[in-house]
Amino acid sequence: MSEPEILTERLLLNRLLLSDTEALFEYRSDAEVSRYQDWATHSLDETARSIDSHRSVAFDTPGTWFQLAMRLRESGLLVGDLGVHFPAEEPQQVEVGFTVAASHQRRGFASEAVTGLLDHLFGTLRKHRVFASVDPRNAASIALLERLGMRREAHFRESLWFKGEWVDDVVFAILESEWAPS
């Protein structure tokens, strides 16, 4: 399957490129942006190696994560990214995550991007279920998932050792049959 280039009203979602290294490093290094994320970005070189290591990963490959760039359609400016995980044990399900640069938050970009991604996953790839794992303290992400029609399926108490403390994990999901395409 070829990799997607998903167009929304204001965004283009496509593969991260080595030319995105500086912008990706900059917003992922922001403590507030990475507060609820489980990745750590330590250097420009590490960021470039991460992007480069995913060049050979095909979209929709079971057992892999695929990073999609979230770009402004008009300028190509990187404003965030989407993580898309295709579990090996159940490839008809997909896990998603999203990150938006602080300077581009509160403009609806995450909602627009995730909506476009869900349209692609359910409409084009005919996936059965999409889910997201979120820290219950991340009110903005929870509100976005609920606006998109995802339901809270589980709340695991202190189930993850995360950044030096035990934290809760909340799982949201939506089925293909429940998704109302945009």
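The values are calculated or read from the model by the stated rules, or taken from the named source; none is laboratory data. Treat the numbers as computed from the prediction; the structure is a model and nothing was measured. No Cβ is skipped: glycine too gets one built from the backbone with ideal geometry, and neighbour counts run over all protein chains shown.
Select from region 172-182 the residues that are among the aromatic types (Phe, Trp, Tyr) and either out of contact with any helix residue (DSSP H, G or I) (no Cβ under 9 Å at 6 or more places or on another chain) or not in a loop (DSSP other than H, G, I, E, B) (or both) and list them in ascending order. So that I can check it myself, show each step before the final result.
Start the filter on region 172-182 by keeping residues that are among the aromatic types (Phe, Trp, Tyr), which leaves 172, 179.
Selection gives Phe172 alone.
Selection of region 125-149 for residues being out of contact with any helix residue (DSSP H, G or I) (no Cβ under 9 Å at 6 or more places or on another chain) and of a type outside the set (Ser, Thr, Tyr) yields Leu125, Phe131, Arg137, Asn138, Ala139, Ile142, Ala143, Glu146.
If you go through region 136-158 and keep only what is touching a strand residue (DSSP E or B) at 6+ places or on another chain (Cβ under 6 Å), under 17 Å from Gly97 (Cβ atoms) and not aliphatic (A, V, I, L, M), you end up with Pro136, Ser141, Arg152, Glu153, Phe156. The set of residues in region 23-40 that are surrounded by fewer than 18 Cβ atoms within 10 Å (Cβ to Cβ) and either in a loop (DSSP other than H, G, I, E, B) or in contact with a Leu (Cβ under 8 Å, 6 or more places away or on another chain) (or both) comprises Ser29, Asp30, Ala31, Glu32, Ser34, Arg35, Gln37, Asp38, Trp39, Ala40.
Which of the following residues is in a loop (DSSP other than H, G, I, E, B), buried (at least 16 other Cβ atoms within 10 Å of the Cβ) and either out of contact with any strand residue (DSSP E or B) (no Cβ under 9 Å at 6 or more places or on another chain) or of a type outside the set (Val, Ile, Thr) (or both): Asp20, Asp60?
Values: Asp20 fails: in a loop (DSSP other than H, G, I, E, B).
After applying the criteria, what remains is Asp60.
For region 70-96, the set of residues classified as among the small types (Gly, Ala, Ser), modelled with pLDDT of 95 or more and part of a strand (DSSP E or B) consists of Gly80 only. Taken as a whole, the condition of being surrounded by 13 or more Cβ atoms within 10 Å (Cβ to Cβ) and either modelled with pLDDT under 95 or part of a strand (DSSP E or B) (or both) does not apply to Ile142.
Within region 157-171, does at least one residue satisfy the condition of being outside any loop (DSSP other than H, G, I, E, B) and in contact with a helix residue (DSSP H, G or I) (Cβ under 9 Å, 6 or more places away or on another chain)?
Of all residues in region 157-171, those outside any loop (DSSP other than H, G, I, E, B) come to 157-162, 165-171.
This time we only want the ones that are in contact with a helix residue (DSSP H, G or I) (Cβ under 9 Å, 6 or more places away or on another chain), so: 170.
Scanning region 157-171, I find at least one residue that is outside any loop (DSSP other than H, G, I, E, B) and in contact with a helix residue (DSSP H, G or I) (Cβ under 9 Å, 6 or more places away or on another chain), so the answer is yes.
Among Arg147, Arg126, which is touching a Ser or Thr at 6+ places or on another chain (Cβ under 8 Å) and exposed (fewer than 13 other Cβ atoms within 10 Å of the Cβ)?
Values: Arg126 fails: touching a Ser or Thr at 6+ places or on another chain (Cβ under 8 Å).
Just one listed residue meets the conditions, Arg147.
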